[in-house]
1. Picking from Ala256, Ala272, Ala241, which residue would you name as being over 27 Å from Pro400 (Cα atoms) and open to solvent by less than 10 Å² (accessible area, probe 1.4 Å)?
2. Return the residue satisfying two criteria in turn: it lies in the stretch 101-135 and is buried (at least 22 other Cβ atoms within 10 Å of the Cβ) and among the β-branched types (Val, Ile, Thr), and of such residues it is farthest from Gly56 (Cα to Cα).
3. How many residues does the stretch 313-331 hold that are assigned to a helix (DSSP H, G or I), of a type in the set (Phe, Trp, Tyr) and buried (at least 22 other Cβ atoms within 10 Å of the Cβ)?
4. Identify, from the list Thr265, Thr188, the residue that is part of a helix (DSSP H, G or I) and touching a helix residue (DSSP H, G or I) at 6+ places or on another chain (Cβ under 9 Å).
5. If you check every pair at least six apart or on different chains, which have Cβ atoms under 8 Å apart with a residue in the stretch 362-381 that is on the phi < 0 side of the Ramachandran plot and buried (at least 17 other Cβ atoms within 10 Å of the Cβ) first and a residue that is in a helix (DSSP H, G or I) and aliphatic (A, V, I, L, M) second?
6. Give me the residue from the stretch 288-312 that is polar (S, T, N, Q) and surrounded by 13 or more Cβ atoms within 10 Å (Cβ to Cβ) and, out of that set, farthest from the chain's Cα centre (by Cα).
7. So which residues in the stretch 191-229 are farther than 18 Å from Asp152 by Cα and assigned to a helix (DSSP H, G or I), if there are any at all?
8. Look through the stretch 139-153, keep the residues that are more than 10 Å from Thr337 (Cβ to Cβ) and hydroxyl-bearing (Ser, Thr, Tyr), and return whichever of them is surrounded by the most Cβ atoms within 10 Å (Cβ to Cβ).
Amino acid sequence: MRKALRGVLSLALLIGTASATGATAGAATAAGPAPGGTTVAGAAVDIKDRLLAIEGMSLVEEQQTPGYRFFILEYTQPVDHRNPRKGTFQQRLTLLHKDTSRPTVFFTSGYGLNVKPRRSEPTAIVDGNQVSLEYRFFTPSRPDPADWSALDIRQAAADQHRVHTALKGIYDRKWLATGGSKGGMTATYYERFYPRDMDGVIAYVAPNDVNDGEDSAYDRFLSRVGTKECRDRLNAVQREALIRREPMKKLYARYAAEKNYTFNTVGSMDRAFESVVLDYTWAFWQYSPAADCATIPAAATATDQELWDTVETISGFSYYTDQGLEPYTPYYYQAGTELGSPDIEQPHLKGLSRYGYQPPRTYVPREIPMRFRKQAMRDIDRWVRHNATRMLFVYGENDPWGAEPFRLGRGSRDSHVYTAPGANHGADVADLVPDERDAATAAILTWAGVAPAAVQQDEAQARPLTGFDASLDQKDTERGPTLRP
């Protein structure tokens with residue numbers, strides 16, 4: 001019935017009701033909150049009812065979690081914000097509801113949606129609500145039929161803008177945007193296209209590939225990160241795996257047969273095998289602490305199985321199969337049309353590598369057309385340098401994706417770029433050196449409008465407003481193909 005009701009919504013109602021809904025909800029909020037909802041004209045209105053009063057919003061599920069209410073929702077979005085007549089699709093989002101009197105954090109992963117209650121670091125810092133949005137074209141938030149030309153950073157930013165507009169009437173306090181990796185990129189692009197929506201942006205480990213044709217920064221990074229002993233150990237595993245290509249591929253063939261994996265998108269098991277091996281060094285620094293160098297086997301004396309095991313653990317042999325790539329097709333499409341992607345040389349593999357680092361086109365089915373638009377990232381980079389206001393970028397010292405970071409320019413205001421020593425692709429504010437950690441925490445509290453008086457006087461007093469919650473503050477550990485942010 002819910003699907004049927006959606007089908008009869010007029011597009012005029014879909015596009016035109018956000019502001020009216022916001023005004024109605026804003027009046028309700030002004031009446032003051034009540035447990036589980038809002039008091040309007042003497043009657044308690046449950047927060048769920050307020051959400052479902054938004055045109056195009058529907059409930060998938062509500063889950064119970066201590067201290068919050070957690071909703072999985074769907075929202076009707078235009079396939080093409082530039083041309084709403086092209087139809088609509090259902091975009092998933094979640095809401096971790098604390099209280100309408102608290103600030104709200106808009107979290108984006110840049111990928112699919114985690115439908116379990118999770119709290120980003122800024123949400124814990126400000127003790128706020130959290131809205132999390134699935135990126136368009138990641139299933140099930142994919143139009144049908146899928147017009148891939150509608151997948152770009154501006155369309156995704158417009159998705160966020162419409163969700164924010166719809167919810168702002170209920171959550172009328174300060175809003176912050178955040179995300180890590182591609183989610184940090186997403187938060188940055190959203191700020192570029194809708195700079196008046198958010199009161200602050202916290203972007204974690206967000207790559208900034210301004211010139212896709214010039215990637216020497218990644219080569220320099222990989223030649224200097226960690227110790228020479230560790231780099232040599234990792235490089236030796238890559239070399240030995242390619243030297244033993246045939247016996248390693250026998251292990252791969254057995255593995256693929258057991259799992260029913262296929263290789264139609266990349267073209268062959270041999271190409272997939274090399275893609276996994278070439279990712280090995282990058283993947284180690286992206287996800288592993290430097291101390292894990294001690295676990296890397298000595299390549300020359302390792303058995304074939306030991307080589308397989310270390311590459312499988314760090315790179316993952318499933319990721320370049322058809323089954324491993326399919327969930328990430330939207331990312332590779334964007335990497336090959338707007339975002340750019342690293343192309344590293346790895347001279348220690350000269351004479352052993354048959355294909356080199358593969359472009360994103362390799363990992364996208366051929367029936368999906370792609371054309372690279374080189375101005376997209378240059379526009380973002382230029383805007384950040386000249387217009388960034390209340391933006392915080394956090395990077396990890398050992399993370400390859402930080403080799404091309406966002407940088408601030410003379411036009412930026414109240415914005416910061418920090419690097420966490422020894423951290424990798426999971427770097428956050430808590431990993432920063434104390435002075436920078438306090439300054440970053442104080443900025444987040446201030447932008448959210450909840451900085452205590454002591455913090456306003458002395459940022460060294462800045463602390464998160466909530467403590468660690470093991471059920472909400474776990475970092476997601478799901479990994480896909482390595483060479484993606």
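The values are calculated or read from the model by the stated rules, or taken from the named source; none is laboratory data. Predicted model, so just to flag it, every value in this text is computed and none were measured. Using ideal geometry, Cβ is built from the backbone for each residue, glycine included, and neighbour counts are taken over all protein chains shown. Remember, those area values only see protein heavy atoms, side chains included, never the ligands or the DNA or RNA. Shrake-Rupley method; radii C 1.70, N 1.55, O 1.52, S 1.80 Å.
1. From the options Ala256, Ala272, Ala241, the qualifying one is Ala256.
2. Ile125
3. 1
4. None of the other options fit; the residue is Thr188.
5. Tyr363/Leu325; Ala376/Ile153; Ala376/Leu339; Met377/Leu339; Ile380/Ile153
6. Per the stated criteria, the residue is Thr310.
7. Ser216, Ala217, Tyr218, Asp219, Arg220, Phe221, Leu222, Lys228, Glu229
8. Applying the filter and picking the extreme gives Ser141.
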